[in-house]
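Just so it is clear, none of the values below were taken in a lab; they were calculated from the coordinates. Keep in mind the model is a prediction, meaning the values are calculated, not measured. When we count neighbours, we look across all protein chains shown, and the Cβ atoms used for this are built from the backbone with ideal geometry, even at glycine.
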Amino acid sequence: MKIMVTIKRVIDYAVKIRVKPDKTGVVTQNVKMSMNPFCEIALEEALRIRESGLASEVIAVSMGPSQSIDTLRTGLAMGADRGIHVEANHSLYPLSVAKILKKLVEIEKPGLLILGKQAIDDDCNQTGQMIAGLLNWPQGTFASKVVLDKEKQVATVDREVDDGIETLSLNLPAVITTDLRLNQPRYATLPNIMKAKSKPIKKFTPEELNVEIKSDLEIVEVTEPPKRKSGVIVSSVDELIDKLKNEANVI
Amino acid sequence: MGGVVQRSPRFSELNDDDVRYFQEILGKKNVIQDDDKLSAANIDWMHKYKGASKLILQPCNTDQVSQILKYCNSRCLAVVPQGGNTGLVGGSVPVFDEVIVSLSSMNNIISFDKVSGILVCEAGCILENIMSFLDNEGFIMPLDLGAKGSCQIGGNVSTNAGGLRLVRYGSLHGSVLGVEAVLANGTVLDMLKTLRKDNTGYGLKHLFIGSEGSLGIVTKVSILTPPKLSSVNVAFLACKDYSCCQKLLQEAKRKLGEILSAFEFLDSQSMNLVTNHLEGARNPFPTSLHNFYVLIETTGSDESSDKQKLEAFLLGSMENELVSDGVLAQDISQASTFWRLREGISEALMKAGAVYKYDLSIPVENLYNLVEEMRSRLGDAANVIGYGHLGDSNLHLNVSVPRYDNKILSQIEPFVYEWTSKHRGSISAEHGVGLMKANEIFYSQSRETVRIVVYY
Ligand SMILES: Cc1cc2nc3c(=O)[nH]c(=O)nc-3n(C[C@H](O)[C@H](O)[C@H](O)COP(=O)(O)OP(=O)(O)OC[C@H]3O[C@@H](n4cnc5c(N)ncnc54)[C@H](O)[C@@H]3O)c2cc1C
């Protein structure tokens with residue numbers, strides 16, 4: 001069985017985001033880009049499944065500008081067997097990503113598709129659900145534990161929901177999206193970085209896959225969240241009550 | 001531990017009139033007699049040195065510092081300047097009942113020149129706050145150290161702090177362009193230049209860099225800051241023995257020269273300590289044991305070529321067997337995880353019990369021999385660990401014990417100082433002299449040098 005994993009190149013989680021002065025988006029020039037943390041978890045899970053003998057190959061897919069190849073190299077250095085880069089130079093929205101992915105699934109025929117539950121740049125949290133819908137595959141979203149049964153061709157997925165843990169049983173092939181606590185991704189070791197250099201990366205364009213990229217969305221404006229006002233230290237309970245009454249008008 | 005020092009009868013004791021005078025010049029709020037605040041200010045970061053001061057003064061400007069010192073001088077009241085109180089040699093807390101002059105309220109940034117990168121600020125600015133201010137401007141501080149969340153720039157200058165980036169940006173003697181300081185009699189010395197070059201006579205400001213408050217109180221600092229470069233890479237490596245670490249350093253200086261920004265090492269004992277005592281710290285090589293670990297950081301302006309260069313260097317070092325295994329951070333949080341293994345050692349030591357800390361400059365080829373000799377001297381009685389800024393030949397030798405014990409101390413000292421002196425090292429590479437090494441200074445300075453200072 002093959003596992004296909006999507007990995008997205010995003011602004012590094014630890015970078016302080018700055019909004020462009022013209023409010024059309026955020027500044028990405030000279031900003032550190034890294035793999036989306038949820039995708040890293042998805043890839044780690046796929047690698048663990050392969051290492052336990054339940055899958056034969058892990059294919060990493062990234063869509064975006066040519067620099068996405070760096071992200072694929074990272075994925076290959078973590079242990080993916082090969083990469084697919086779908087080159088796209090304008091913004092991709094979840095439905096377009098899902099449509100492209102559907103074509104790749106038709107070509108590669110994986111038995112399992114693992115995605116991050118969301119990308120930390122647009123926080124859409126839609127792609128996994130959409131691709132499951134397009135493929136008509138069962139889905140286990142926000143997975144915090146995944147167990148595969150190769151004989152029965154079933155994946156058991158634990159999901160952290162508001163009132164506890166929900167356990168789903170999915171027939172393969174299936175779509176799984178990963179939550180933060182599923183696993184702790186491995187580091188890229190030097191021997192694996194070396195090996196990654198000779199692993200193949202296949203390139204496609206959306207046109208070659210017969211997918212038209214269009215969006216039903218228009219971004220009107222991107223702004224920073226309002227700044228938090230600094231607090232004050234009051235010297236007595238009376239002063240506190242006075243301020244709550246007369247300044248904050250809450251009592 | 002300085003127990004031999006006697007309080008000199010020359011110094012007066014604090015009385016109510018003194019307190020009233022301070023309240024007049026500083027306002028009541030800045031004259032602190034609160035027990036909780038006093039007990040925190042009386043004890044050092046390691047909980048090793050403890051004073052009995054009854055008063056903290058928090059001046060808000062240079063003029064107030066001057067008035068305080070002038071008054072204390074006339075009344076013969078002893079004074080200790082205090083920054084973030086992260087000093088490691090017992091210099092930041094009173095020995096007896098000295099008045100504590102805290103610079104914490106002098107925390108304004110005065111000016112920043114975006115063209116030259118020259119920052120002028122008050123001495124009480126916390127290092128990390130300056131770093132985030134500069135980050136917004138696209139610049140960085142030329143020094144970085146584990147205590148950045150608490151230590152102040154005035155304290156850094158007064159201890160001539162070295163830290164993690166010295167290998168790249170040099171010592172504060174190079175990057176500090178000017179200092180404003182107040183002498184014990186209240187005289188304000190304005191040496192707050194913002195010039196890269198200034199050869200008009202003696203470089204007096206240099207005396208204040210590393211003088212640990214002994215010459216006066218530093219009130220303002222002007223410092224040259226380098227621009228922030230966009231590409232930072234961090235690798236964490238395993239080496240089988242110390243000689244590999246040494247050769248790796250030589251190679252790194254040659255092959256990564258212009259982008260190398262840190263070269264740190266730790267031994268397996270340090271690694272165990274960190275992974276056992278710090279939550280979330282994990283060894284990047286969980287399955288195999290290694291004797292030494294090296295952290296290499298590069299900072300440059302071109303992400304792809306820097307990374308290529310570093311990768312080529314690392315793969316080459318693996319082929320030459322200088323490195324037995326290694327990981328390369330793929331994002332900033334992985335880089336911070338690697339840094340935490342090195343920077344977290346001090347904190348882990350504190351959690352493990354009491355610690356005797358030695359901060360030594362020793363030529364690289366001999367540096368680790370001292371750790372091994374100490375280990376065999378102390379046997380099972382203590383956990384001896386070695387780590388530090390290998391790129392600057394700076395060893396942090398730490399002896400971790402359940403509690404402070406004079407019997408163990410007598411096994412360590414004076415041996416450690418004699419050994420260092422014999423190998424022409426320095427008994428204080430970057431932490432200073434403080435109370436801890438006041439009597440040991442002769443191991444690293446000649447009699448004549450000390451005499452010229454003391455009797456001047
Ligand atoms: C976790 C940790 C990691 C550290 N790592 C390093 C490191 O990598 N490299 C390194 O060099 N040091 C290191 N140190 C020690 C270092 O000396 C201090 O952290 C720092 O430089 C001191 O600054 P501070 O503001 O805390 O000064 P304090 O501890 O308050 O004072 C230190 C000395 O300077 C004097 N002083 C303070 N402020 C002034 C002033 N404005 N004017 C005159 N005198 C003053 C004090 O009287 C005292 O003698 C570390 C300490 C800790 C706790």
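Between helix B:364-378 and chain B there is an angle of about 80 degrees, using the helix long axis and the longest principal axis of the Cα atoms.
Per-residue ellipticity at 222 nm, computed for chain B from helices alone with -39500 (n - 2.57) per DSSP H run of at least four residues, works out to -10000 deg cm²/dmol. Taking the centroid of alpha carbons for each part, segment B:424-444 and segment B:303-373 are 25 Å apart. Dipole of segment B:16-102 computed with +1 at Lys/Arg Cβ and -1 at Asp/Glu Cβ about the Cα centre; of B:86, B:64, B:76, farthest Cα towards the positive end is B:86.
Bridge orientation summary for the protein assembly as shown: considering DSSP beta bridges with both residues in this region, about 70 percent are antiparallel. Counting neighbouring beta carbons within 10 Å and listing from fewest to most, the residues A:85, B:396, B:173 come out as B:173, A:85, B:396.
How much of the calculated P(r) for the protein assembly as shown lies past 39 Å, in percent of all Cα pairs? Tail of the P(r) past 39 Å holds 46 percent of the pairs.
Over chain A, DSSP H runs of length four or greater, each weighted -39,500 (n - 2.57), average out per residue to a 222 nm ellipticity of -8000 deg cm²/dmol. Computed from Cα positions, the angle between helix A:237-246 and the longest principal axis of chain A comes to roughly 80 degrees.
Each residue in A:228, B:424 was given a count of other beta-carbon atoms within 10 angstrom of its own, and listing them fewest first yields A:228, B:424. Taken about its Cα centre, segment B:16-102 carries a charge dipole of about 120 debye when Lys and Arg each add +1 at the Cβ and Asp and Glu each add -1 at the Cβ. Computed from the C-beta positions of residue B:240 and residue A:124 and an R0 of 51 Å, the FRET efficiency is 0.60 to the nearest 0.05.
Could you tell me the center-to-center distance, by alpha carbons, between segment A:1-60 and segment A:67-141 in angstrom? Rounded to whole Å, the Cα centres lie 10 Å apart.
Of all the options A:170, A:217, A:95, the one that moves most in a Gaussian network model of chain A with Cα springs shorter than 10 angstrom is A:217. Using C-alpha pairs below 8 Å separated by at least 6 residues, the relative contact order for segment B:16-102 is 34 percent.
A simple count of charges around residue A:119, restricted to other residues whose Cβ falls under 15 Å of its Cβ and scoring Lys, Arg +1 and Asp, Glu -1, yields -4. A Förster radius of 51 Å combined with the Cβ-Cβ distance from residue B:289 to residue A:227 puts the calculated FRET efficiency at roughly 0.55.
Relative contact order, whole percent, for chain A stands at 23, derived from Cα pairs under 8 Å and 6 or more residues apart. In terms of surrounding Cβ atoms within a 10 Å radius of their Cβ, B:193, B:253 rank from fewest to most as B:253, B:193.
With a Förster radius of 35 Å, plug the Cβ-Cβ distance of residue A:220 and residue A:184 into 1/(1 + (r/R0)^6) and report the FRET value to the nearest 0.05.
0.35
Give A:32/B:255; A:2/A:117; A:32/B:240; A:227/B:37 a once-over and call out the pairs whose C-alpha atoms are over 22 Å from each other. Flagged as over cut-off: A:32/B:255; A:32/B:240; A:227/B:37.
Count charges around residue B:65 for me, please; just the other residues with Cβ under 15 Å from its Cβ, Lys/Arg as +1, Asp/Glu as -1.
Working: positive: B:70, B:220; negative: B:63, B:122, B:180, B:190.
Overall, the nearby charge balance is -2.
Give the distance, in whole Å, between the Cα centre of segment A:150-203 and the Cα centre of segment B:241-271. With segment A:150-203 and segment B:241-271 each reduced to a Cα centre, they are spaced 36 Å. Taking label points 7 Å from Cα along the Cα-to-Cβ direction, residue B:347 and residue A:147 give a separation of 3.6 nm.
Once the Cα atoms are used to define both axes, helix A:94-108 deviates from the longest principal axis of chain A by about 20 degrees. Here the protein assembly as shown is assigned +1 on the Cβ of each Lys and Arg and -1 on the Cβ of each Asp and Glu. Its dipole about the Cα centre then comes out at about 1000 debye.
Across chain B, C-alpha contacts under 8 Å between residues 6 or more apart give a mean separation that, scaled by the residue count, equals a relative contact order of 14 percent.
Only one residue of B:397, B:147, B:420 has its Cα farthest out toward the positive end of the dipole of the protein assembly as shown, where Lys and Arg carry +1 and Asp and Glu -1 on Cβ, and that residue is B:420. Modelled this way, with points 7 Å down the Cα-to-C-beta line, the labels at residue A:210 and residue B:33 are 8.9 nm from one another. Shape class for segment A:2-226, computed from the alpha carbon gyration tensor (a ≥ b ≥ c): rounded, with a/c under 1.5.
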